[in-house]
1. Taking only the stretch 9-19 into account, find how many residues are farther than 22 Å from A36 by Cβ and not in a helix (DSSP H, G or I).
2. Between A36, A22, which is assigned to a loop (DSSP other than H, G, I, E, B) and at pLDDT below 80?
Amino acid sequence: MLLKHLARPDFAHRHRREEVDAVIWDNRSTQHIAMADFANRRVVHRVGFVAEPFAA
């Protein structure tokens, strides 16, 4: 039930990439997936940060 709820379009953002874009998200509170529509023209750098525990 939860996964079906999260898949609703009103919870989604689809980023239309431009050449100079940078997209940042918080893995602790975001679901994300890369779509296979970039045809070998995307460079990805992953960075991790140590932070305080997430407070609910």
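1. Pass one, the stretch 9-19, residues farther than 22 Å from A36 by Cβ: 10.
Next cut, not in a helix (DSSP H, G or I) only: none.
So the count comes out to 0.
2. Numbers: A22 fails: at pLDDT below 80.
None of the others qualify; the one that does is A36.
The values are calculated or read from the model by the stated rules, or taken from the named source; none is laboratory data. What you see is a predicted model; the values in this text were computed from it and never measured. All Cβ positions, glycine included, derive from the backbone under ideal geometry; neighbour counts span all protein chains shown.
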